[in-house]
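Written out below as structure tokens is the structure these notes cover.
The values are calculated or read from the model by the stated rules, or taken from the named source; none is laboratory data. Here the structure is a predicted model, which is why all the values come from computation and not from measurement. Every residue, glycine among them, receives a Cβ derived from its backbone with ideal geometry; neighbour counts consider all protein chains shown. Note: areas computed on protein heavy atoms with side chains; ligands, DNA, RNA excluded. Shrake-Rupley method; radii C 1.70, N 1.55, O 1.52, S 1.80 Å.
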Amino acid sequence: MPSQGFDDEHRMDPEIDAAKALLNRMRKLAEERGDARLDAARIAKVRQRQAARNAFAAGKSAPTEGAARDPRSIGDVVSRMSKARGWNTQVAVGSVLGRWDELVGERIAQHCKPESFENSVVIVRCDSTSWATQLKLMTHQLLKKFDAELGPGIVTVIRVLGPNAPSWRHGSRSVAGRGPRDTYG
């Protein structure tokens, strides 16, 4: 089929849209003029290095924060590594169990101990039913504190258990009834 005055370069291909064709044409014209193609991310890094050099030369205390060669604290390095590897939830689990006294307060920590932490649920065992009731009433406030200290969504439920009472059933036979009441705190 004859080209009817159009060369192959200007022939419209149904797979290439007009905007892409125009962009390619402009790129080709820029290359012919001798203009180099610029990468925006690379330019931003160059400008950041230049600003850091200028600030350092001007006598300011430190180049821009976050420069690649600046020394970092070990805490920053560990937090960046744990975030990159997806360890944040495991670290939060360890911090809930390890920092329990600090998070809930010394008085509550004397009477209520965490037993386990799975799927954002903390199971807490209290040494008396009165402390278990008190902790159940305080769960909303504790969850707010956990969100502020550890991050939102790390702890979503606090399941409170009462004290472990001894079993009064001895032998193969037992009498049905109410049994002993709570006399353990």
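Would you mind telling me which numbered condition in (1) at pLDDT 75 or above; (2) surrounded by 12 or more Cβ atoms within 10 Å (Cβ to Cβ); (3) farther than 25 Å from Asn164 by Cβ Trp131 fails?
Of everything listed in (1) at pLDDT 75 or above; (2) surrounded by 12 or more Cβ atoms within 10 Å (Cβ to Cβ); (3) farther than 25 Å from Asn164 by Cβ, Trp131 misses just condition (3).
Answer yes if at least one residue in the range 15-27 is modelled with pLDDT under 70 and open to solvent by less than 90 Å² (accessible area, probe 1.4 Å), and no otherwise.
Let us first name the residues in the range 15-27 that are modelled with pLDDT under 70, namely 15-16.
Then drop every residue that is not open to solvent by less than 90 Å² (accessible area, probe 1.4 Å), which leaves 16.
Looking for residues that are modelled with pLDDT under 70 and open to solvent by less than 90 Å² (accessible area, probe 1.4 Å), one finds at least one in the range 15-27, hence yes.
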